[in-house]
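Structure, as structure tokens:
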Amino acid sequence: MERHQELCADAVDPLDIAEVLERSGIGPGAAGRYRHADVFSLAEEMYARVPRRAVAPARSESPWRRRARPALAIAGWLLGVALLLWALSAALGLHVPLGARIAAYAAAVALVLGRGAPLWRRALLALGLGSLLALVQGVGPPQIALTAAAGLADWCARWFRHIGWGHSLARSAREFRSRMRPVLPATAGLFLAVLAGLTVAASALPRGEGGLTAGAGTGAAWLSQGLAGTALLFTLLLWHCGRQRAALLALAGCCLSAGIARAIPAAHADVSGWACGLTAVLLLPYAWVTLLSPTSHRAPGGPSARDA
């Protein structure tokens, strides 16, 4: 109880404690030394004996509005940057260097990132998302659609975490995973469907630097857009579900692969989107296991943080 004081004080139910105990290597043998038959029985006693941390009274604002406000802020700032870059490229014929595009997107993300993580991690997330958005799809309609969808990805990640909190009363980790298993593909499907709609709407704009042509693009370009969106979504899912280090590592891998692909002579912008997205696809098994774990849906602020 002394070693896991913070965990017990923030736990929503004994299942939270049992999950962490098992991950730390405590099995039936170790539980037996504390006169318990299994880890779950030990977790129940720890949950009963450690007082819950005092939580602030819930705010009257609805969970939907709390999730929509940061999502709209992210979409608004990033879309503003994308439209400015498109105007400079398509209307004025100016070439905006890659470094300037990365800095512009990173600054927009940094302006709207909330608290809840160390400053250096938030700075790395802003830089990583800025690099991802600047490296894939160049400047043009696909880029405008992808930046607008970044706000939706943030909303979907918060909604997924909220659904996880709603299932926190599951009687076991297996039951929790069973309840959450259809939610993850539904979240990804919703995001990709809206991203496709945004791309169709944005394709009416004149092309910019390295984007799809006006009208419909090739199948490879559409798949590249979807893969890049998948990388964006799963990064934010990991981030909002408390796996910030994994989110940053995944983002770094996606940006590195996209940068390498972009450096290939005569490579089209679609290639960087393919490389970025395929890297994200390789991380799907880890994301699947991690995002369906009950420990990915605990918030340090207690039950009042469920709707954050």
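Do we find that Trp120 is without any contact (Cβ under 8 Å) to a residue 40 or more places away in the chain, open to solvent by 50 Å² or more (accessible area, probe 1.4 Å) and touching a Leu at 6+ places or on another chain (Cβ under 8 Å) in this structure?
Judged against the criteria, Trp120 is not a match.
Among the residues of region 1-39, which ones are in a helix (DSSP H, G or I), without any contact (Cβ under 8 Å) to a residue 40 or more places away in the chain, open to solvent by 30 Å² or more (accessible area, probe 1.4 Å) and under 22 Å from Leu291 (Cβ atoms)?
Pro14, Glu22
Looking at the structure I just gave you, is Gly229 under 20 Å from Arg101 (Cβ atoms), modelled with pLDDT of 70 or more and touching a helix residue (DSSP H, G or I) at 6+ places or on another chain (Cβ under 6 Å)?
Considered against the rule, which asks whether it is under 20 Å from Arg101 (Cβ atoms), modelled with pLDDT of 70 or more and touching a helix residue (DSSP H, G or I) at 6+ places or on another chain (Cβ under 6 Å), Gly229 comes out as yes.
Tell me whether region 177-200 contains one or more residues that are small (Gly, Ala, Ser) and on the phi > 0 side of the Ramachandran plot.
no
Collect the residues in region 1-45 that are under 18 Å from His297 (Cα atoms) and of a type in the set (A, V, I, L, M, F, W, C), keeping them in residue-number order.
Selection gives Leu7, Cys8, Ala9, Ala11, Val12, Leu15, Ile17, Ala18, Val20, Leu21, Ala43.
Consider Ala58 carefully, then state whether it is modelled with pLDDT of 80 or more, among the small types (Gly, Ala, Ser) and on the phi < 0 side of the Ramachandran plot.
no
Name every residue in region 230-249 that is buried (at least 24 other Cβ atoms within 10 Å of the Cβ) and either outside any helix (DSSP H, G or I) or free of Cβ contacts under 8 Å to residues at least 40 places away in the same chain (or both), in order of residue number.
Cys241
Taking Ala214 as meeting all but one of (1) modelled with pLDDT of 90 or more; (2) open to solvent by 30 Å² or more (accessible area, probe 1.4 Å); (3) not β-branched (Val, Ile, Thr), write down the number of the exception.
Of (1) modelled with pLDDT of 90 or more; (2) open to solvent by 30 Å² or more (accessible area, probe 1.4 Å); (3) not β-branched (Val, Ile, Thr), only one is false for Ala214: (1).
Among the numbered criteria (1) part of a loop (DSSP other than H, G, I, E, B); (2) surrounded by 24 or more Cβ atoms within 10 Å (Cβ to Cβ), which one does Pro142 miss?
Every condition holds for Pro142 apart from (1).
The values are calculated or read from the model by the stated rules, or taken from the named source; none is laboratory data. Predicted model only: the values in this text are computed from it and were never measured. All Cβ positions, even for glycine, are placed from backbone atoms using ideal geometry, and neighbour counts span all protein chains on display. Just so you know, the surface numbers come from the protein's heavy atoms only, side chains and all, with ligands and any DNA or RNA stripped out. Shrake-Rupley method; radii C 1.70, N 1.55, O 1.52, S 1.80 Å.
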